[in-house]
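Engineer: Have a look at the structure that comes next, please.
The values are calculated or read from the model by the stated rules, or taken from the named source; none is laboratory data. A quick note: this is a predicted structure, and the numbers were derived from the prediction, not measured. Heads up, the Cβs are rebuilt from the backbone with ideal geometry, glycines too, and the neighbour counts pull from every protein chain shown. With ligands, DNA and RNA removed, areas are computed over all heavy atoms of the protein, side chains included. Shrake-Rupley method; radii C 1.70, N 1.55, O 1.52, S 1.80 Å.
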Amino acid sequence: MKKKVVVGMSGGVDSSVAACLLKEQGYEVIGVTMQIWQEENPDEASENGGCCGLSAVDDARRVAWTLGIPYYVMNFRREFKESVMDYFVAEYLHGRTPNPCIACNRYVKWEALLTRSMEIGADYIATGHYARVMELPNGRFTVRNSVTAAKDQTYALYNLTQEQLKRTLMPVGDYTKEEIRRIAERNGLAVAKKKDSMEICFIPDNDYASFIEKSADNVPGAGNFVDMDGNVLGCHKGITHYTVGQRKGLNLSMGRPVFVTEIRPETNEVVIGSGDDVFSDRLCCSHVNWMAVDGLHKESRRVTAKIRYSHRGAPCVIRELPDGTVECLFETPQRAITPGQAVVFYEEDHVFGGGTIL
RNA sequence: UGGGCCAUCGCCAAGCGGUAAGGCACAGGACUUUGACUCCUGCAGUCGUUGGUUCGAAUCCAACUGGCCCAG
């Protein structure tokens, strides 16, 4: 009896090849594109390689046809709006910097898609992520780096649950990007040369501030740039325009580069400091998802932590604080530890756990 | 309005008679399946104004305009 797997197809190369590989491996493959937001300008989004819009459906459908697999479009607009877009806007309004891809993975690409796939009798769901699901000796599931560390996407997957991982396949993680493109070509997939997607899919023009203004009623307005001693340095456009570590767009001519070191929503202030001021060797995080273990159990642990998607990772020690949050002490100070971003802990090449930076 | 000082790109600033450094900011690009960071490229046909000296002036001289300081 063939195992049935639903592949989330974005219309891009990676997920197309994922479907292709699974079919070769003998699975009964069903292609599904999740419709998650309404594009205003499909042409533009397609040029930018937008990941989940209407034009994506055409590409995905064509690939499914080429592979000879059934193909469906599922509507997840409500889930996406509630779990990703609303969260995204709310975080910015509170002076934090969210990572929508992580929320999308946990709540839409997995939770929603998995639930519905189970309903139609699937055994697994699969995606085109550059990561590999692995079962540890302790019986728990985690994700480990893809064979190409450069394309690794485990950071964005740290929040998946054991139940989700148990039913997840990521065939693309065994190959390099070059190999994936070759496989696509060899199988005559029309998307072989399609440009990689970039930027947040629901904000193709990359103008976050405008998006937030359109989505929220009470967006905090102009306020003061202040230095660490409280001196006013200038006027900012509203805290939603800034993030910790930011240099460009401040319009502050101090004779030397200056950076955002802190955002204070209570006072509507954006704190400015030098390049050195943006380094810190400590962070606290909450909403922790343990992956390789079921908890820290009052022990501290040496791990490698990534504080942003493109971070190489830095050695640190983590421990649970009495209030339930987790403290992370780095051996060397890290740049721009930013509230709202995820910190992901690694042990060897797999995800140990992760949380949201406070 | 007695004396002194200063006026060079949006900001700071080099230049001291030989044909406008640099930094910050800004713009564009690269990188990047989050925000950022980083990197690359661009950015004063002109030196407050008007005259003068000189082969040649941002650089010297004069007046004017504006600003600062000290006197009163």
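Engineer: Which of the residues spanning segment A:235-256 are more than 21 Å from A:Leu358 (Cα to Cα), open to solvent by less than 60 Å² (accessible area, probe 1.4 Å) and near RNA strand B (Cβ under 6 Å from one of its atoms)?
Structural biologist: Hits for segment A:235-256 are A:Gly249, A:Leu250, A:Leu252.
Engineer: Look through segment A:32-86, keep the residues that are crowded, with 20+ Cβ neighbours inside 10 Å, at pLDDT below 60 and of a type outside the set (A, V, I, L, M), and return whichever of them is nearest to RNA strand B (Cβ to nearest atom).
Structural biologist: Restricting to residues being crowded, with 20+ Cβ neighbours inside 10 Å, at pLDDT below 60 and of a type outside the set (A, V, I, L, M), the top hit is A:Cys51.
Engineer: Residue check: is A:Pro315 within 13 Å of RNA strand B (Cβ to nearest atom) and not hydroxyl-bearing (Ser, Thr, Tyr)?
Structural biologist: It is false that A:Pro315 is within 13 Å of RNA strand B (Cβ to nearest atom) and not hydroxyl-bearing (Ser, Thr, Tyr).
Engineer: Moving to a separate point now. Anything in segment A:312-358 that is open to solvent by 40 Å² or more (accessible area, probe 1.4 Å) and aliphatic (A, V, I, L, M)? List them, or say none.
Structural biologist: A:Val317, A:Leu329, A:Leu358 - these are the residues of segment A:312-358 that are open to solvent by 40 Å² or more (accessible area, probe 1.4 Å) and aliphatic (A, V, I, L, M).
Engineer: Restricting attention to segment A:130-143, does a residue exist that is within 16 Å of RNA strand B (Cβ to nearest atom) and without any contact (Cβ under 8 Å) to a residue 12 or more places away in the chain?
Structural biologist: Checking segment A:130-143: not a single residue is within 16 Å of RNA strand B (Cβ to nearest atom) and without any contact (Cβ under 8 Å) to a residue 12 or more places away in the chain.
Engineer: Taking the options A:Val219, A:Val260, A:Val271, A:Val232, name whichever one is closer than 30 Å to A:Thr304 by Cα, more than 13 Å from RNA strand B (Cβ to nearest atom) and of a type in the set (Val, Ile, Thr).
Structural biologist: A:Val271
Yes/no matrix, rows are residues, columns are (1) over 19 Å from the mean Cα position of the chain (by Cα); (2) of a type in the set (D, E, K, R):
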| position | (1), (2) |
| --- | --- |
| A:Ala103 | no, no |
| A:Arg144 | no, yes |
| A:Thr161 | no, no |
| A:Lys166 | yes, yes |
| A:Tyr175 | yes, no |
| A:Asn187 | yes, no |
| A:Ala190 | yes, no |
| A:Lys194 | yes, yes |
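Engineer: Just to confirm my filter: which strands (runs of 3 or more DSSP E) fall fully inside segment A:227-289 and include at least 2 residues that are β-branched (Val, Ile, Thr)?
Structural biologist: A:259-264, A:269-273
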